[in-house]
Amino acid sequence: MMAPARQLLHDIFGYSAFRGAQQAIVEHVAAGGDALVLMPTGGGKSLCYQLPALMREGVAIVVSPLIALMQDQVDALTQLDVQAAFLNSSLDADAAREVTGRLLRGDLKILYVAPERLLMPGFLTLLDQLQSEGPGIALFAIDEAHCVSQWGHDFRPEYRQLTVLHERFAKVPRIALTATADAPTRNEIIERLALEDAQQFVSSFDRANIRYRVTQKNNARSQLEAFLEREHPNDAGIVYCLSRRKVEETAEWLHSRGWDALPYHAGLDPAIRNANQRRFLREEGVIMVATVAFGMGIDKPNVRFVAHLDLPKSMEGYYQETGRAGRDGLPANAWMAYGLGDVVSMRQMLDAGDAPEDRKRVERQKLDALLGFCESTACRHQTILRYFGEEHPGNCGQCDNCLEPVETWDGTEAARMALSCVYRTGQRFGVVHLIEVLLGKQTEKVEQFGHHLLTTFGIGKSLAQPQWSSVFRQLVAAGLLETDIEHYGGLRLTEAARPVLRGEQPVWFRHDPEVSRRKVSKAERAARAREGYEGVGDDPLWQALRARRMELARDQGVPPYVIFHDSTLLEILNQRPQTLDQLGRITGVGQAKLARYGDDFLKVLEDAANGSAG
Ligand code: ADP
Ligand code: ZN
């Protein structure tokens with residue numbers, strides 16, 4: 001006999017084993033304990049409250065700020081024959097009444113509620129009633145628990161009142177969950193939600209299946225397109241841009257190049273925005289070009305890439321945004337193009353903002369940490385985790401720096417020349433002009449300012465323009481140069497530049513690799529194919545399985561991944577089960593789904609075997 005948790009995991013969810021701390025968490029909460037769960041995106045948090053909900057008497061109340069997501073969660077549970085519903089502002093009065101009716105009748109196991117709804121006096125009374133006369137409350141799950149933190153970008157004031165749950169229903173276990181990794185947020189969650197006595201379950205935040213890459217920008221659009229053509233010709237992904245205008249322009253451009261790309265930002269008409277989001281979720285292979293307004297609450301598991309055309313604001317932002325890729329655990333790419341212009345404009349934006357000075361200082365530090373990451377030659381996984389206080393051995397084999405180690409060069413002399421050129425031209429010119437002076441170009445501007453008479457004129461001929469550009473970018477990123485807003489982005493020296501200028505401090509630069517337009521090498525392709533995902537795109541059976549899944553999804557008005565995840569479909573493709581029994585052993589095929597879809601998918605396999613795929 002399997003332990004009850006394992007049995008349910010298998011029968012309901014179709015999984016053969018727990019992941020990481022899941023088992024410990026499930027057992028702890030099922031036994032009535034409070035828990036704080038810190039797990040990265042894609043780590044499998046939902047199961048940590050869904051399973052105990054099934055193991056305990058009564059209804060589990062799940063607080064979530066993400067209205068859009070509740071529908072998906074409920075759809076997914078319904079597919080598993082778990083009685084679930086949600087209550088939020090999207091329901092009209094009749095529909096809401098029906099849900100509360102089911103609640104009191106004991107007709108629900110899991111109820112998702114928005115925090116503002118939960119805190120309504122009427123709802124709290126309903127919970128009292130549930131507890132005294134009805135089936136009881138199994139547990140409270142507080143999802144996205146970092147929303148209590150005032151310093152995060154997802155602050156929700158109602159979250160701070162959730163202590164009422166503890167005060168009013170002291171005996172009901174609470175489980176708070178978040179994918180936000182930093183210690184200050186964690187402490188704030190404990191304090192604000194009164195979870196001092198809760199057991200903490202902290203997972204590694206490494207996203208081992210994400211391949212991080214930072215490339216130097218020269219022509220961002222064509223670099224992006226080369227990346228898409230090379231690695232994601234048919235995949236769903238997100239392209240992040242800083243401004244609404246750039247979102248629209250980029251989406252339009254991609255569209256004109258034949259990509260299925262849609263824009264998303266807070267300024268779009270809500271109807272269009274929602275329609276675009278819906279297409280991204282419900283269809284395959286849609287590229288969403290978006291500001292960071294897009295993402296929270298998107299739990300589409302098969303986002304295969306996240307591309308940044310502009311810098312994120314911090315390491316936290318970068319980790320969170322790239323983290324939307326590869327929730328299903330299959331290989332995914334985080335790709336960023338970045339250049340000097342980005343550093344300059346981000347710094348200017350921070351300076352020009354109207355945040356109080358101490359806040360700006362924090363933001364500048366956060367940006368600097370991100371720039372340090374971009375310029376680093378160390379393993380990306382290691383650098384990211386170190387930022388969040390976790391050790392990683394490095395050598396991940398899954399980032400640009402590990403796959404193609406970056407050479408460094410002694411830039412002490414070059415740095416001195418560049419800094420000296422900034423100084424002698426009066427600390428007010430931009431990088432284009434500075435490089436022209438270093439290269440000894442007789443331009444109109446050079447003559448106008450008499451810069452051909454300077455000692456730095458033409459001293460930099462040993463390097464070419466792109467190398468100088470790389471030098472300036474790295475000097476700005478390292479904080480030796482800063483931009484002067486009053487002089488339209490001219491560069492000036494910082495205190496930190498002095499010892500370098502005096503030749504007292506050596507400087508090492510990374511050697512920017514030539515921007516490659518190469519096709520993926522055979523070896524690389526083979527390596528990725530072995531990971532089990534890439535290269536299946538052309539397989540007719542894979543196409544047939546996906547087509548069947550899409551039909552089933554359309555019939556029911558749910559996203560395809562609610563029927564089966566890609567990982568499940570992939571296992572079906574590789575295992576080619578011939579009987580319901582064999583199909584039932586595939587990860588992600590529980591009893592309910594086997595009964596619902598087993599015959600459909602066996603038929604697809606059978607047709608393919610008979611040579612009539614489709
Ligand atoms: P999170 O909320 O932490 O981002 P989810 O709960 O959405 O993660 O789970 C991420 C993915 O992992 C989902 O596709 C889920 O079905 C899958 N998953 C979770 N637990 C397991 C498990 N024990 N075995 C196999 N797949 C799992
Ligand atoms: Zn690495």
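No value in this document is a laboratory result; all are computed from the given coordinates. Please read all numbers here as calculations on a predicted model, not as lab measurements. Please note: Cβ atoms are built from the backbone with ideal geometry, for glycine as well, and neighbour counts cover all protein chains shown.
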> Which ordering of VAL343, VAL172 is given by a fewest-first count of other beta-carbon atoms within 10 Å?
Replying inline: VAL172, VAL343
>> Under 17 Å between alpha carbons, and skipping anything fewer than 8 positions from LYS593 in its own chain: which lysines qualify?
In response: LYS603
> Where the Cα atoms of region 79-193 are projected onto their three principal axes, how long is each span, largest first, in whole Å?
Replying inline: 42, 29, 29
> Once the dipole of the chain is set up with Lys and Arg at +1 and Asp and Glu at -1 on Cβ about the Cα centre, which of ILE572, VAL500, ALA60 lies farthest towards its positive end?
Replying inline: VAL500
>> Please list, by residue number, every one of the GluC sites (Glu not before Pro) in region 115-207 that is coil in DSSP and has at most 15 other beta-carbon atoms within 10 Å.
In response: GLU133, GLU196
> Ratio of Rg to Rh for region 408-511, alpha carbon only, Kirkwood?
Replying inline: 0.94
>> I'd like the distance separating the alpha-carbon centroids of region 288-334 and region 536-614, in whole Å.
In response: 27
> How big, on average over all directions, is the shadow cast by the Cα convex hull of region 203-264, in nm²?
Replying inline: 5.6
> So which lysines can LYS217 reach, going by Cα to Cα under 22 Å and dropping same-chain residues fewer than 8 places off?
Replying inline: LYS246, LYS313, LYS366, LYS519
>> Within 10 Å of each candidate Cβ there may be at most 16 other Cβ atoms; applying that plus a DSSP loop requirement, which chymotrypsin sites (Phe, Trp or Tyr not before Pro) in region 172-232 survive?
In response: none
> Where does each of MET336, MET315 land when they are ranked from fewest to most other beta-carbon atoms within 10 angstrom?
Replying inline: MET315, MET336
> Dipole of the chain, Cα-centred, from +1 at each Lys and Arg C-beta and -1 at each Asp and Glu C-beta, to the nearest 20 debye?
Replying inline: 840
> So for region 270-388, Kirkwood radius off the Cα pairs, Stokes-Einstein at 25 °C and 0.890 mPa s: how many µm² s⁻¹?
Replying inline: 154
> Based on Cα positions only, what radius of gyration and what Dmax would you give for region 2-202, in angstroms?
Replying inline: 15.8, 44
>> Quick query: amide H of LEU66 versus all other amide H atoms, modeled in the peptide plane; which residues come in under 5 Å with a sequence gap of 5 or more or a different chain?
In response: none
> Under a straight-distance cross-link criterion of Cα-Cα below 17 Å, which aspartates and glutamates are reachable from LYS445, leaving out those fewer than 8 residues away in the same chain?
Replying inline: GLU436
> Which value, to two decimals, describes the C-alpha radius of gyration of the chain once divided by 2.2 N^0.38 Å?
Replying inline: 1.08
>> I'm a student and want to see the number: the projected area of the Cα convex hull of region 534-613, averaged over all directions, in nm².
In response: 4.9
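Would you compute, from DSSP H runs of 4+ residues alone, the mean residue ellipticity of the chain at 222 nm, taking -39500 (n - 2.57) per run and dividing by the full residue count, rounded to the nearest 500?
-13500 deg cm²/dmol
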>> Check which residues have an amide H placed less than 5 Å from PHE86's amide H, if you skip close sequence neighbours.
In response: TYR112
